[in-house]
Amino acid sequence: MTETHFKVVLITGGAGFIGSNFIRLFLERHRDVDVVNLDKLTYAGNLESLRDVESNPRYHFYRGDISDESFVSRLFHEWHFDAVINFAAESHVDRSILGPAAFIDTNVRGTMTLLEVAREFGVGRYLQVSTDEVYGSLGPSGKFTETTHISPNSPYSASKASADMLVRAWWKTFGMETLITRCSNNFGPYQFPEKFIPLMIANALQDKKLPIYGDGMNVRDWIYVEDHCEAIEAVLYKGKTGEVYNIGGGNEVANIEMAKLILSKLGKPDSLLEYVKDRPGHDRRYAMDSSKIETELGWKPRRSFADGIELTVNWYLSNEEWWKRIITGEYQSYYKLQYEQR
Ligand code: NAD
Ligand code: DAU
């Protein structure tokens, strides 16, 4: 893998789940690249997830909003980015149903702002981190390919699909070197405990009920976060401009099976399971066909589902302080205050 083009890379949303895992992996593997992390530190952003890299001289953090054009322009002026990877987003489907406005602000307007500023400054490559949810929902068979019709069903997925359309337009109209990755459900360390797997683990560890939406038979295609990060790295360096790359773990699991697996790993009883009202517009099944990235870029997931889940459960067991402080809101006030003046 050659990295001659990249000396400074902008990562947005690096204090979130996938972004923080990506920054750790990227700094480790690309020893002559500087990484600038631009993150608004919303409820989901947590600098504690990057504690181990914060003293690395090649890591630089800025608190800011990707929708704030003057701030973003100043940052691009200060640094000459060779590449931008946009992880920043409002990412939770349930929150998008309760309040879609923030999703449009960040996921749509924020993406447009980044594209515009990146174009103005002639940034080499722009990679948009997107999702399988833009394709909508599958029946019992078949998989999403890169040519599957875009049919988002939630305000979240509609905002992500809109962003993808903008990225495509900036490629076609302005000739920007853009790339889009669409990945399935991630799991692993540092995932905010509102998402299914960490929520199930945290609730089980506190002997709280595990809320299962609907009949529990909705299926997700799970991928270990490090595998997703490696796929993004492969697309950044080797992807073909203007292309979309699907990324999936090939691990289809129904929600109820996943919850039972977590309970059994933690030695907790199934009586903690509680069927609750379904999510409105709940997509039934996701499954990704990743053959394009596998064939063209030589990527494939390395972690088996069994290993990934074992690592994840163990990580939450040994990092109780991390997720308990999130639940109690302790980190929020600390970091918000620290970076307020910037
Ligand atoms: P996350 O919610 O854990 O992290 C999002 C990060 O973005 C946070 O640190 C937050 O503070 C930051 N952010 C939010 N609004 C911002 C703004 N306006 N300006 C700057 N920073 C802002 O999300 P995640 O799960 O790590 O997802 C990262 C990306 O990957 C998102 O674009 C998401 O759509 C996509 N994705 C996620 C999954 C998944 O399973 N989690 C799967 C496929 C794609
Ligand atoms: O597919 C990729 C997407 O995966 C990403 O784009 C999103 O950012 C990410 O949040 C995730 O979306 P999902 O809606 O699939 O993930 P979530 O963890 O919210 O839910 C996973 C499944 O579990 C889904 O079928 C809903 C169900 N669920 C979720 C929660 C939070 C429950 O049954 N109970 C719950 O309490």
Original post:
Given the structure, is LEU25 more than 16 Å from VAL84 (Cβ to Cβ), in contact (Cβ under 8 Å) with a residue 12 or more places away in the chain and hydrophobic (A, V, I, L, M, F, W, C)?
Top reply: yes
**OP:** May I ask you to say which residue of LEU41, LEU75 is more than 8 Å from ligand 1 (Cβ to nearest atom) and either in contact (Cβ under 8 Å) with a residue 60 or more places away in the chain or in a loop (DSSP other than H, G, I, E, B) (or both)?
**Re:** LEU75
Subject >> Test result for THR148, at pLDDT 95 or above, in a loop (DSSP other than H, G, I, E, B) and of a type in the set (Val, Ile, Thr) >> reply: yes
**OP:** Check segment 137-149 and report whether any residue there is of a type in the set (A, V, I, L, M, F, W, C) and either away from ligand 2 (no atom under 16 Å from the Cβ) or free of Cβ contacts under 8 Å to residues at least 12 places away in the same chain (or both).
**Re:** no
**OP:** Filter segment 51-92 down to residues that are under 29 Å from GLY329 (Cβ atoms), of a type outside the set (S, T, N, Q) and surrounded by fewer than 23 Cβ atoms within 10 Å (Cβ to Cβ), then give me how many there are.
**Re:** 15
Original post:
Pick from SER318, SER264, SER304: which is of a type in the set (Gly, Ala, Ser), closer than 30 Å to ASN86 by Cβ and loosely packed, with under 14 Cβ neighbours inside 10 Å?
Top reply: SER304
**OP:** Would you mind stating whether THR241 is free of Cβ contacts under 8 Å to residues at least 24 places away in the same chain and not aromatic (Phe, Trp, Tyr)?
**Re:** no
Original post:
In this structure, does ASP283 turn out to be open to solvent by less than 20 Å² (accessible area, probe 1.4 Å) and part of a loop (DSSP other than H, G, I, E, B)?
Top reply: yes
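Looking only at segment 162-198, which residues are in a helix (DSSP H, G or I) and open to solvent by 10 Å² or more (accessible area, probe 1.4 Å)?
Passing the criteria: SER162, MET165, LEU166, ARG168, ALA169, TRP170, TRP171, LYS172, THR173, PHE174, PHE196.
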**OP:** Residues being open to solvent by 60 Å² or more (accessible area, probe 1.4 Å) and hydrophobic (A, V, I, L, M, F, W, C): count how many of those fall in segment 107-127.
**Re:** 2
**OP:** Give segment 215-240 a look and list any residue that's acidic (Asp, Glu), within 14 Å of ligand 2 (Cβ to nearest atom) and open to solvent by 10 Å² or more (accessible area, probe 1.4 Å), or say none.
**Re:** ASP215
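The values are calculated or read from the model by the stated rules, or taken from the named source; none is laboratory data. Since the structure is predicted, the reported quantities are computational estimates derived from the model, not experimental observations. Heads up, the Cβs are rebuilt from the backbone with ideal geometry, glycines too, and the neighbour counts pull from every protein chain shown. For accessibility, only protein heavy atoms count, side chains too; no ligands or nucleic acids. Shrake-Rupley method; radii C 1.70, N 1.55, O 1.52, S 1.80 Å.
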